Structure formats: structure tokens, C-alpha cells
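The values are calculated or read from the model by the stated rules, or taken from the named source; none is laboratory data. Here the structure is a predicted model, which is why all the values come from computation and not from measurement. Here the Cβ is made from the backbone with ideal geometry for all residues, glycine too, and neighbour counts use every protein chain on show.
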Amino acid sequence: MPPTPLRALRAYTPRRELGRRSASHGTHYNEPSGYLFSEKPLPPGQKRVKEDWENLWYIGMFGGMGLAAVLLYYKPDTSIQTWALKEAKARMEARGEKVEYKPV
């Protein structure tokens, strides 16, 4: 079978084109250094200097969690059971029946 133009093109890929691929050439991640977050421990008596973005991250992360907690606490009750109870009480009052529920 004679080679089709696509097969001939694929068979003639120059070596320099194949060398551009980066599959399995070198490390693609930060090598573990043995230190937490790759920060070397400071000498005694020195304090760690925070980076500019750290305070903003703390405010955004914990502020967002606090806001979510407040919103979930004050979320309106939209369950079907609550609606059905209100609807049943309204219908019973409209018929003139007692609305009080006494379990047996």
C-alpha cells in the first residue's frame, strides 16, 4: 500500500520537532525540601515576615466563612413540611376547626 500524504508527512517529522516535547524531561514540580512549605527555619530570635498577600487571604477566607455561617443561620425555612403546616393551619382556621395538635 503506497503511503498517503498524511502518513508520509507524519513519517517525516524532523528530530528537532520531536525534541520540543517536554514529556518526562526534568522535574515539573517543586522538589520536596523537607521543610514545611519549603521555608527554612529562621535563626533564633527572628520573626517570620509575612508576604503582602497573606493578610488579604486570611481576611477573605475566614471572612467568607463567617459570612456564609451567618447567611446559613438566618436562611429562611423553605421546606415543604413548614409550608404544609402553615397551609393546613390556614385551611383548618377557615373551616372553624381547632388548630391545636395533641399527640396521642
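Within region 8-53, being in a helix (DSSP H, G or I), modelled with pLDDT of 60 or more and either surrounded by 10 or more Cβ atoms within 10 Å (Cβ to Cβ) or touching a Cys at 6+ places or on another chain (Cβ under 8 Å) (or both) holds for one residue alone: S38.
Within region 58-86, restricting attention to residues that are in a helix (DSSP H, G or I) and hydroxyl-bearing (S, T, Y), which residue is surrounded by the fewest Cβ atoms within 10 Å (Cβ to Cβ)?
Residue satisfying both the conditions and the ranking: Y73.
All told, E87 falls short of being at pLDDT below 85 and not hydroxyl-bearing (S, T, Y).
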